[in-house]
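Student: Let me give you the structure first, and then I'll get to my questions.
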Amino acid sequence: MSPVETRTSPDAAETAHVVAKLSVLDRFLPVWILAAMALGLGLGAVVPQLGAALESVQIAGVSLPIAIGLLVMMYPVLAKVRYNETQRVIGDKKLMVTSLVINWVLAPAFMFILAWIFLADLPEYRTGLIIVGLARCIAMVLIWNDLACGDREAAAVLVAINSVFQVFMFGVLGWFYLQVLPGWLGLPTTSAEFSVWAITVSVLVFLGIPLVAGYLTRTLGERVRGRAYYEERVLPKIGPFALYGLLFTIVVLFALQGEQIMAQPLDVARIAAPLVIYFLVTFGASMLIGRALGLGYARTTTLAFTASGNNFELAIAVAIATFGATSGQALAGVVGPLIEVPILVALVYVALWARQFFTTRTP
């Protein structure tokens, strides 16, 4: 006899309870992020030579302090993943196919359309924006997904898949959206050479290192003291470092680009407009698609954040390596995370509010 299924829907009170359970650091994250942004801009303006100093040492084309911040940020989140449960995610064909279609077909095409609508007369910014759209997220998405109570195992799998596709598809899609498609449409084309090796190194460094560290921490921790001890005693101690790393990264990022941003506010505003639309529409559409497909709240939230986030470290590195550090393409890459961070933090709260519109099936 088949199990009886009941349907329950989280209401607003339950969502408020989830938010109330967050730590002070988590609950007031928008405040800390705004403070980190302001601090970074202030440092960049007061100490103009700070940017050059921070950029003097790099890893995989990214400033060493930013690289350290990203690694510190990602490690605790990946240490939370129950890797022995990822098989159920891989077997979820509906989630896998939907994620691939949104990430590698719909989202880049949408960014291409927005770039041409808003920046048709500014080819450098337009190209930079298209590059941002091609760089699918492999880092901060894990933070946003975790805060919004998404499926950690699904996030880890989808990020890994995005990373593999990034290595093989970034150059191909760059060629298609910058040369082939504009040519078909009678629009100006852009020549760009993307280094497959540089993309591979970026993925190995910013995903590979924290992934291996998180996997070993989880595996060895459970083997030595058991899952209950690991999740109740170990994870609470290392968990806050994810947000410490995030805030540190934001301070450094804004300090690096503060002078450039302050010097070209109108250009930044023009680049920001299509980015805001991109993040909001991609996230909202993904949530609606996930709900329509019956993926449930946790997997739908993971689908939405992996679709709307972008790999800014790769986009910036590619833009600088291809067009130069002072190019318009590089500025567009820099504006990407400056808009993405506050928007996706706000979408964490939107996702928690949207839980009331999802149903769960309980045997």
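Student: Treating only the Cβ atoms of Lys and Arg (+1) and Asp and Glu (-1) as charged, compute the dipole magnitude of the stretch 8-358 about its Cα centre; round to the nearest 20 debye.
Tutor: Numbers: 20 positive and 19 negative charges, 202 e Å.
Computed about the Cα centre, the dipole is about 980 debye.
Student: May I pose another question? Hey, if you put +1 on the Cβ of every Lys and Arg and -1 on every Asp and Glu Cβ in the stretch 8-358, which of SER63, THR306, GLY186 ends up farthest toward the positive end of that dipole?
Tutor: Toward the positive end, the furthest listed residue is THR306.
Student: The stretch 263-278 to the stretch 103-170: how many Å between their Cα centroids?
Tutor: With the stretch 263-278 and the stretch 103-170 each reduced to a Cα centre, they are spaced 17 Å.
Student: Scan the stretch 188-277 for GluC sites (Glu not before Pro) in coil per DSSP, keeping those whose Cβ has at most 10 other Cβ atoms within 10 Å, and list them by number.
Tutor: Answer by residue number: GLU193.
Student: Projected onto the charge dipole of the stretch 8-358 (+1 at Lys/Arg Cβ, -1 at Asp/Glu Cβ, origin at the Cα centre), which of PHE241, LEU266, ALA35 gives the Cα projection farthest towards the positive end?
Tutor: The Cα lying farthest towards the positive end belongs to PHE241.
Student: Related question: Remind me, relative contact order of the chain in percent, using alpha carbon pairs under 8 angstrom and six or more residues apart?
Tutor: Details: 515 pairs, mean separation 131.5, N = 363.
This gives 36 percent for the chain.
No value in this document is a laboratory result; all are computed from the given coordinates. These numbers were taken from a predicted model, which means no experiment stands behind them. Counting neighbours? That spans all protein chains shown, and the Cβs are built from the backbone with ideal geometry, glycine included.
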